[in-house]
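Worksheet: the structure to be examined is printed underneath.
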Amino acid sequence: MASQVPGLSALIKPGLIPGFKVSKAAAALSTYLLTRYFSSQSSPKCRVNMTINKDSPKVVHSFDMEDIGNKAVYCRCWRSKKFPYCDGAHTKHNEETADNVGPLIIKKKNP
């Protein structure tokens, strides 16, 4: 392949930069560390739940319909101080992130 692309063989030859040598182990370690650094920089931004029950492998809440009353408003942005109930924290979250998340509202139908 290198012989088919003009100038490419010069790029893959050892000693491309005079006086500068990097072992394969150093190159591998550098790649690994850079990958870890950049993935750790973006990982928290992707996380939805930043604070609620972090010691639990999965956060689950269950409610009986009979206990809800006429209306219940549940948080879906994970930022509410009253979680699992909505306190309007999604408004600030949406402004900061350009997201469009809102609460889950459950209403009882009137007969």
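The values are calculated or read from the model by the stated rules, or taken from the named source; none is laboratory data. This is a predicted model, so every value here is computed, not measured. Surface accessibility is based on the protein's heavy atoms, side chains included, excluding ligands, DNA and RNA. Shrake-Rupley method; radii C 1.70, N 1.55, O 1.52, S 1.80 Å.
Evaluating 6.51 cos²θ - 1.76 cosθ + 1.60 at θ = phi - 60° for every residue in segment 75-82, the Karplus couplings come out as 6, 10, 9, 6, 9, 5, 6, 10 Hz, glycine and proline recorded as x. A 1.4 Å probe over all protein chains sorts ILE105, ILE68 by accessible area into ILE105, ILE68, starting with the largest.
Scan around CYS86 for amide H atoms under 5 Å from its own, H built in the peptide plane at 1.01 Å from N, and keep only partners 5 or more places away or cross-chain. Amide H neighbours of CYS86: VAL73, TYR74, CYS75.
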